[in-house]
Amino acid sequence: MSEPDTNLTGSESYASPAAVRQGGPPGAPAPIRIVSTDFDGTLYAPDENPPTPPEWWRRIRALQAQGVKWIVNTGRDMASWRSVWDPLAETAGTAPDGLILVEREIYERRGGEWRPWEEWNRRCREAHEALFRDLAAAAREWAAWARARGGAVIYEDPYSPLCIVGDTMEDAEAICGYVQAQLRRFPEAILVRNDVYARLAHRDFTKGAALRAVAERLGVGPENVFAAGDHLNDLSMLNLRAARRLAAPANAVVEVKEAVRRQGGWVSRLPHARGVLEAMDALSLGGRGATRENP
Ligand SMILES: [Mg+2]
């Protein structure tokens, strides 16, 4: 395995935020220090062969060689992430420096492994435990309503007392609309949606909040962060509070494209990773044409 041992802390390659802002010629875009990408549908398209094109791996290796930290920001949990990542790792020739999993937990790559950020993950877990205790009875009622309606698989898992997988997008929207209305009684709760799937979460722990926490720890401001995503669960990171350079591939849902456009980001005409690469060019991220192989 030729993958370098990367990590999110103790990096001597970071200047202070003030120094970073002063760097470069006047008027030049702020240098990118963090690339935060959704995975499924954004970098990874299982129906394509290969699911992630070699150009992506070349580009992200080149950016990492320049000191950029790559965060995969996904709804998958660790087991699900490993099931999709492990077969790709050799081709990739690199690995994300950090993972944000289940749209809320933070992991850092150290010693060739992803290790949890205990302090953040513990606060995240405690906030969810308290919230889910409060809404347990209500979630059972919502699940009963959804099962009676039909058109979706309804279940609970360790991450949410109510998970919805709609048979169709219309089913998912109808059930989510109902739950969303009920959530007015629980101001700390949000419904996180990704395609026909949805789950409950605490509003303080999202892809965007976790990305902001990583950036803060690295002393990186939002002007030095690039974020790319394709679905509703990406909206919290496709936000100028988290990242000033925003991208959506052509396959992104309308709400994501509108949010990215509205905030001056780049909506590509190309799907998946090729769309993200086009956005990187358009938004002057650099690393283009780099052919340097990973050491
Ligand atoms: Mg996605």
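The values are calculated or read from the model by the stated rules, or taken from the named source; none is laboratory data. Small disclaimer: the values here were computed from a predicted structure and weren't measured. Cβ: placed from backbone, ideal geometry, glycine included. Neighbour counts: every protein chain shown. We work out accessible area using only protein heavy atoms, side chains counted, and drop any ligands, DNA or RNA first. Shrake-Rupley method; radii C 1.70, N 1.55, O 1.52, S 1.80 Å.
Here are some notes:
- FRET efficiency, 1/(1 + (r/R0)^6) with R0 45 Å, evaluated for Glu170 and Arg241 via beta carbons: 0.90
- By accessible area, using a 1.4 Å probe on protein heavy atoms only, the stretch 92-138 has 44% of its surface on carbon and sulfur.
- To the nearest ten degrees, helix 136-149 and the longest principal axis of the Cα atoms of the chain are 80 degrees apart.
- Positive-end residue, the stretch 122-202 charge dipole about Cα centroid, Cβ charges, pick of Tyr159, His128, Ala143: His128
- The residues of the chain expose, per residue, 45 Å² of accessible area to a 1.4 Å probe.
- Each Lys and Arg Cβ is given +1 and each Asp and Glu Cβ -1; about its Cα centre, the chain then shows a dipole of about 860 debye.
- Choice from Ala130, Ala189, Ala213 showing the highest fluctuation, given a GNM over the chain with Cα pairs closer than 10 Å: Ala130
- Peptides ranked, highest mean first, by Cβ atoms within 10 Å: ranges 255-264, 214-223: 214-223, 255-264
- Cβ-derived FRET efficiency at R0 22 Å, Arg123 paired with Glu188, nearest 0.05: 0.95
- Theoretical ellipticity at 222 nm over the chain - DSSP helices of four or more residues, -39500 (n - 2.57) apiece, nearest 500: -11500 deg cm²/dmol
- Among Arg147, Arg61, Arg212: highest mean-square fluctuation, GNM of the chain, C-alpha pairs under 10 Å: Arg147
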